[in-house]
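S.K.: For reference, the structure I am asking about is given below.
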Amino acid sequence: QQQVKQSPQSLIVQKGGIPIINCAYENTAFDYFPWYQQFPGKGPALLIAIRPDVSEKKEGRFTISFNKSAKQFSLHIMDSQPGDSATYFCAASWGSSNTGKLIFGQGTTLQVKP
Amino acid sequence: GAGVSQSPSNKVTEKGKDVELRCDPISGHTALYWYRQRLGQGLEFLIYFQGNSAPDKSGLPSDRFSAERTGESVSTLTIQRTQQEDSAVYLCASSLVGGNSGNTIYFGEGSWLTVV
């Protein structure tokens, strides 16, 4: 129940394309859903995050879509660039009774071809 | 420091040896986490420290794994009698406070452990 399932495992798009990465969860106690971006040899870095009280959040070229009833959320990267090539992780966390620790998906390796 | 600092960045050890991995969190961050990342996989939670509270050890995979933190400073993750399946990147992270969702968690670059 504490799992977060992420797909696809890998994704290749052309420059300017819109890659979409999907995540699904079961635990309805989750109330915070961040996306992390990780470049080779580096630690993950927070990209964008959403709470379940909104259905969409945009930051620059990155958008999270959230479907509370379906218990799914997704990351869209508009006008993707070769510099966006990285591994993306969705994650989830839950409220004050928890430590704030994140439960991560398995990751999606994105390649944006020039 | 400016970010979460981890050492060593790379460690090769022989099966059966003990290893210690060090983490220096962002100054002023009271919450500290350890995660493990196996090749091509997601991050597995290992342990969490918050100030002087009892740590959350629920993610430690066996009694060969232990961690300490002195106050709100440096933490050490120790793996005793290392096994080949312990080969992974060990990531340390910190946040300003813990105990709630929504606090941004900042990761270090990890310690790459290879057990041969």
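S.K.: Restricting the search to the stretch A:4-38, which residues are within 10 Å of another protein chain (Cβ to nearest Cβ) and more than 14 Å from the chain's Cα centre (by Cα)?
M.R.: Matches in the stretch A:4-38: A:Ala29, A:Phe30, A:Asp31.
S.K.: With respect to B:Asp56, is the statement that it is free of Cβ contacts under 8 Å to residues at least 24 places away in the same chain and within 8 Å of chain A (Cβ to nearest Cβ) true? Walk me through it before giving the result.
M.R.: Values: free of Cβ contacts under 8 Å to residues at least 24 places away in the same chain: yes; within 8 Å of chain A (Cβ to nearest Cβ): yes.
Spelling it out, B:Asp56 is indeed free of Cβ contacts under 8 Å to residues at least 24 places away in the same chain and within 8 Å of chain A (Cβ to nearest Cβ).
S.K.: Can you report the number of residues in the stretch B:98-112 which are open to solvent by 30 Å² or more (accessible area, probe 1.4 Å) and more than 8 Å from chain A (Cβ to nearest Cβ)?
M.R.: Total meeting the criteria: 1.
Rundown of residues vs (1) more than 10 Å from the chain's Cα centre (by Cα); (2) surrounded by 14 or more Cβ atoms within 10 Å (Cβ to Cβ); (3) touching a residue at least 24 places away in the same chain (Cβ under 8 Å), yes/no style:
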position: A:Lys68; (1), (2), (3): yes, no, no
position: A:Phe73; (1), (2), (3): no, yes, yes
position: A:His76; (1), (2), (3): no, yes, yes
position: A:Tyr88; (1), (2), (3): no, yes, yes
position: A:Trp94; (1), (2), (3): yes, yes, yes
position: A:Leu110; (1), (2), (3): yes, yes, yes
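S.K.: Please work out which residue is modelled with the lowest pLDDT, limiting yourself to the stretch B:39-65 and to residues that are in contact with a Gly (Cβ under 7 Å, 6 or more places away or on another chain) and part of a strand (DSSP E or B).
M.R.: B:Gln50
S.K.: Any residue that is among the aromatic types (Phe, Trp, Tyr), in contact with an Asp or Glu (Cβ under 7 Å, 6 or more places away or on another chain) and assigned to a strand (DSSP E or B) - is there at least one of those in the stretch A:93-110?
M.R.: Initial filter on the stretch A:93-110 (among the aromatic types (Phe, Trp, Tyr)): A:94, A:104.
Cutting the leftovers down to in contact with an Asp or Glu (Cβ under 7 Å, 6 or more places away or on another chain) gives us A:94.
In the following step, the residues that additionally are assigned to a strand (DSSP E or B) were identified as A:94.
Yes, the stretch A:93-110 contains a residue that is among the aromatic types (Phe, Trp, Tyr), in contact with an Asp or Glu (Cβ under 7 Å, 6 or more places away or on another chain) and assigned to a strand (DSSP E or B).
S.K.: Further question: Looking only at residues that are under 20 Å from B:Leu96 (Cα atoms) and open to solvent by 40 Å² or more (accessible area, probe 1.4 Å) in the stretch B:66-75, which one is modelled with the highest pLDDT?
M.R.: This residue is B:Glu68.
S.K.: Here's another thing I want to ask about it. Consider B:Asp63 carefully, then state whether it is more than 23 Å from A:Leu46 (Cα to Cα) and open to solvent by 30 Å² or more (accessible area, probe 1.4 Å).
M.R.: Numbers: more than 23 Å from A:Leu46 (Cα to Cα): yes; open to solvent by 30 Å² or more (accessible area, probe 1.4 Å): yes.
It is true that B:Asp63 is more than 23 Å from A:Leu46 (Cα to Cα) and open to solvent by 30 Å² or more (accessible area, probe 1.4 Å).
S.K.: Would you check if there is a residue in the stretch A:4-14 being touching a residue at least 60 places away in the same chain (Cβ under 8 Å), open to solvent by 70 Å² or more (accessible area, probe 1.4 Å) and under 20 Å from A:Ser69 (Cβ atoms)?
M.R.: Here is the first cut: in the stretch A:4-14, the residues touching a residue at least 60 places away in the same chain (Cβ under 8 Å) are A:4-14.
Next, only the ones that are open to solvent by 70 Å² or more (accessible area, probe 1.4 Å) stay: A:5, A:9-10, A:12, A:14.
Still in the running and under 20 Å from A:Ser69 (Cβ atoms): A:5.
Yes; the residues of the stretch A:4-14 include at least one that is touching a residue at least 60 places away in the same chain (Cβ under 8 Å), open to solvent by 70 Å² or more (accessible area, probe 1.4 Å) and under 20 Å from A:Ser69 (Cβ atoms).
S.K.: Taking the options B:Arg81, B:Arg36, B:Arg22, name whichever one is open to solvent by 30 Å² or more (accessible area, probe 1.4 Å) and assigned to a strand (DSSP E or B).
M.R.: Values: B:Arg81 fails: assigned to a strand (DSSP E or B); B:Arg36 fails: open to solvent by 30 Å² or more (accessible area, probe 1.4 Å).
Just one listed residue meets the conditions, B:Arg22.
S.K.: A follow-up question, please. Inside the stretch A:65-104, can you point out the residues that are more than 21 Å from B:Gly98 (Cα to Cα) and within 14 Å of chain B (Cβ to nearest Cβ)? Outline the logic, then answer.
M.R.: Filtering the stretch A:65-104 for residues more than 21 Å from B:Gly98 (Cα to Cα) gives A:65-88.
Result: A:Ala86, A:Thr87, A:Tyr88.
S.K.: Within the stretch A:1-32, how many residues are modelled with pLDDT of 95 or more, outside any loop (DSSP other than H, G, I, E, B) and over 11 Å from A:Cys90 (Cα atoms)?
M.R.: Total meeting the criteria: 6.
The values are calculated or read from the model by the stated rules, or taken from the named source; none is laboratory data. These numbers were taken from a predicted model, which means no experiment stands behind them. Backbone-built Cβ (ideal geometry, glycine too); neighbour counts: all protein chains shown. When the accessible area is computed, the model is the full protein with side chains, heavy atoms only, and any ligands, DNA or RNA have been set aside. Shrake-Rupley method; radii C 1.70, N 1.55, O 1.52, S 1.80 Å.
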